[in-house]
Amino acid sequence: MNLLHRLTLPVCLMISSFLTSASDLHEIGIPVKGVNWVRLHPGRSADGRPSLLGSMGQNNGGLFVFEVDLATGHCRQFNAQAKDADYPICSMRSLRTGILYLGSSWDGRLHRFDPAHPERGVEDLGSIDPGSATFPTGIQEAPDGGIWIGAYPAACLTRFDPITGEFKRYGRLDETDKYLYPLCGDDGTIAAQTKTTRYHLIMFDPKTGAHVPVGPVLDDPNNPERRFLFFKGTDGLLYLDSDMGKFRLQGMTATPVDTVPDQMPGIHATYKHGYQVDLTMPGGWRAAFTEDGGAPRKLDLTNTDPSIPTRHLTLDWVGGGTELFMIGLGPDHRVYGSSILPEHLFRCEWDGTGLVNLGQCSLSLGEAYSMAAYGDGLIALASYPAARISLYDPKLPYRFGLGPGSNPLDIGPLDPKEIAYRPHAMAVTPDGKIWIGAAPNYGIRGGPLGWYDPKTGHRGLHREVVPDTSPNCLLWLPELKQLLVGLGTEPGSGVAVQRPAGAFALWDPARDQLVQAGDFGLKDLADVCSLVPAGHDGLVYALSCRPAYLIKDYSAQPAPTTVALLDPARRRIVASAVVPAAFGLTPKFSVDSLRLAGDGTVYLVLASGVYRVNPDTCGVSSAWRIPDGEIDVTGPLVGRRLFFGTRWKLRYIDLP
């Protein structure tokens, strides 16, 4: 074994005697007040008039429903009663009653808004299925008025009775997949589709609770040449239109048919992108947002009668704040960052002044996972979903788009098949290529390493560096003229972790091939999450840890957090030390949490505070503990000033 020595120091010896005081914590502000999972819900009021509701999620203040005055655009806003209700992933306005139902993530609760009784606000109806449902995937209404909800991660099905207020929980319907999307036919049929490792249908008997799989199975759902469309038709019945046949679903069987009807407007079996529900309100009115970008306010009301002019409305809903996801340092020595759902790019000066929300920077609208400086003062961003690449010139006016003159310019996914999905890592090599490492798309086991050349527009992709791993971090090694790749165990969403540990890998960009991969002698290696140069002898500090989200969402096993000093040229560990469990976990959104100061000091940033790394032993000692909340996002260390995010707040601390 190449491990030279490994030290775990007692906690009492690691507490520094010069902790920074809470008064040195500086609040910069809330960079972004955007909204997520935006939906319009057209319908009719109790007296038959056109009625338009909207629903939006937000981190600070939770999800809310608003009722639009169709003459002025004024919004009566109703925030959710449940404390942690956010991300209204699924929603459904009853075509019969006009009541709006919403499912929130990640608390897995059901909510109701009745426009006939606005004084009740957004009612919290309770947990959909405690311990099994954190992410509601679909809400549907049966002919008897029962509300059926599918949910992740247990692929479970639940019925809510609006009359009694009771839930009946039927549990898991599929042992392989985690995502379940139900539909209710007007004949009383209930069926559901599974995602993401495979697509197939399950028929459900509400009288007995029995369920059976029916019809064809699509084992490669990420293949764009395949078709598997489960929907409710205009005749009120359920159908499957697939490249393996067309079927009508009734009772507990799937019957082959020659043709299928059109899809019923406003009824969706699975998640569809877009803000609109295609329904016409009384009087022939239709509503549509005329802008995207994560904070839509411009709305047009058009009429089926062409003689009636369009109404252009500006909505006045009020946002509270969007969580931060990534913070980095630009080549202009300014601090840049991304919010999460919606993805907006923000900026401030290195002294914390001039905070501004620049706006949308990618069609992804999820979050920018990574950024890097390249060329002559330019910035590259890679965003989830689809690992889309955006190129930004801070010297030019901000005008996001897809065509000539756009800044940032969205140039599309890293790869056309969209295998890369969560672009954790980015590095630029001396030849100007931008390298991106990513976790894979939903249902896929391992993530790719790819590159983009901004001079030529060419791209390249390697499906996996090491089987069943995904790149978490990248570091250019000038001495070796190679990329050091830190690999973790993260698969695509819906898939369990496949292996106990990630790996280190050396990659030759000139030959575009793997040189060597392995644990390099690091005992109890978990996921390689962060790499920074030591500043001497070609050595590198590395962080091995098991991010909490892998344990919670991907069935990974807990593992110790370790700081190690690595000699890449000799593929060996010079020193390593386990971080005491009492110090806590890495930040929620930033497992890349090692930072190098100008004087060569290396810091480890955890959710609880900042820790100094001993250069001889790799043991850590506390430099500063956060007095309120947690560090959710690790930003750049500019001099001794560390920028970071706590939920929706941008902050900094001057380290001693």
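The values are calculated or read from the model by the stated rules, or taken from the named source; none is laboratory data. Keep in mind that this is a model prediction, so the values were computed, not measured. Positions of Cβ are generated from backbone atoms using ideal geometry, with glycine treated the same way; all protein chains shown enter the neighbour counts.
Assorted remarks:
- Filter result for the condition that a residue is of a type in the set (Phe, Trp, Tyr) and farther than 21 Å from Leu102 by Cβ, over Phe204, Phe167, Phe160: Phe204
- Residue match in region 447-463 (condition: of a type outside the set (Lys, Arg), more than 21 Å from the chain's Cα centre (by Cα) and either more than 25 Å from Ile379 (Cβ to Cβ) or not assigned by TED's automatic domain parsing to the domain that holds Trp435 (or both)): no
- Residue, nearest to Met203 (Cα to Cα), within region 143-192, restricted to residues that are buried (at least 17 other Cβ atoms within 10 Å of the Cβ) and polar (S, T, N, Q): Thr189
- Restricting attention to region 60-77, the residues that are in a strand (DSSP E or B) and polar (S, T, N, Q) total 1.
- Output for region 209-258, where each listed residue is without any contact (Cβ under 8 Å) to a residue 12 or more places away in the chain and closer than 17 Å to Ile190 by Cα: Thr255
- Count of region 225-242 residues which are under 21 Å from Leu180 (Cα atoms) and out of contact with any strand residue (DSSP E or B) (no Cβ under 7 Å at 6 or more places or on another chain): 1
- All of (1) of a type in the set (Ser, Thr, Tyr); (2) more than 22 Å from Gly639 (Cβ to Cβ); (3) modelled with pLDDT under 95 hold for Thr562 with one exception: (3).
Residue-wise test of (1) part of a strand (DSSP E or B); (2) on the phi > 0 side of the Ramachandran plot; (3) surrounded by fewer than 17 Cβ atoms within 10 Å (Cβ to Cβ); (4) not basic (Lys, Arg).
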{"position": "Ala542", "(1), (2), (3), (4)": "yes, no, no, yes"}
{"position": "Pro558", "(1), (2), (3), (4)": "no, no, yes, yes"}
{"position": "Val574", "(1), (2), (3), (4)": "yes, no, no, yes"}
{"position": "Arg612", "(1), (2), (3), (4)": "yes, no, no, no"}
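- Thr302 meets the conditions (1) modelled with pLDDT of 95 or more; (2) more than 30 Å from Ile340 (Cβ to Cβ); (3) in the same structural domain as Pro42 (by TED's automatic domain parsing); (4) out of contact with any Phe, Trp or Tyr (no Cβ under 8 Å at 6 or more places or on another chain) in every case but one. The failed one is (4).
- Residues in region 462-482 that are crowded, with 18+ Cβ neighbours inside 10 Å and aliphatic (A, V, I, L, M): Val465, Val466, Leu474, Leu475.
- Applying the condition of being over 19 Å from Met371 (Cβ atoms) and among the basic types (Lys, Arg) to region 635-650 and asking which residue is surrounded by the most Cβ atoms within 10 Å (Cβ to Cβ) yields Lys649.
- Residue match in region 78-99 (condition: β-branched (Val, Ile, Thr) and modelled with pLDDT of 95 or more): yes
- The condition (being free of Cβ contacts under 8 Å to residues at least 12 places away in the same chain, in the same structural domain as Gly443 (by TED's automatic domain parsing) and surrounded by fewer than 23 Cβ atoms within 10 Å (Cβ to Cβ)) is satisfied by just one residue among Asp599, Asp632, Asp567: Asp599.
- Any chance Thr562 is within 29 Å of the chain's Cα centre (by Cα) and farther than 30 Å from Gly443 by Cβ: yes
- Filter result for Leu585 (within 31 Å of the chain's Cα centre (by Cα), assigned to a loop (DSSP other than H, G, I, E, B), aliphatic (A, V, I, L, M) and closer than 18 Å to Ala623 by Cβ): yes
- Restricting region 492-517 to residues that are in a strand (DSSP E or B) and in contact with a Pro (Cβ under 9 Å, 6 or more places away or on another chain) leaves a set whose member that is surrounded by the fewest Cβ atoms within 10 Å (Cβ to Cβ) is Leu506.
- Remark: pairs (first residue in region 162-175, within 22 Å of Ala192 (Cα to Cα); second residue of a type in the set (Lys, Arg); Cβ separation under 6 Å; 6+ apart in sequence or on different chains) = Lys168/Arg159.
- Taken over region 25-59, the criterion of being part of a loop (DSSP other than H, G, I, E, B) and among the aliphatic types (A, V, I, L, M) is satisfied by Ile30, Val32, Val35, Ala46.
- Just one of the listed residues (Thr234, Thr270) is modelled with pLDDT under 95 and touching an Asp or Glu at 6+ places or on another chain (Cβ under 7 Å), namely Thr234.
- Qualifying residue in region 158-165 (condition: modelled with pLDDT of 95 or more, in contact with a Gly (Cβ under 6 Å, 6 or more places away or on another chain) and either part of a strand (DSSP E or B) or among the basic types (Lys, Arg) (or both)): yes
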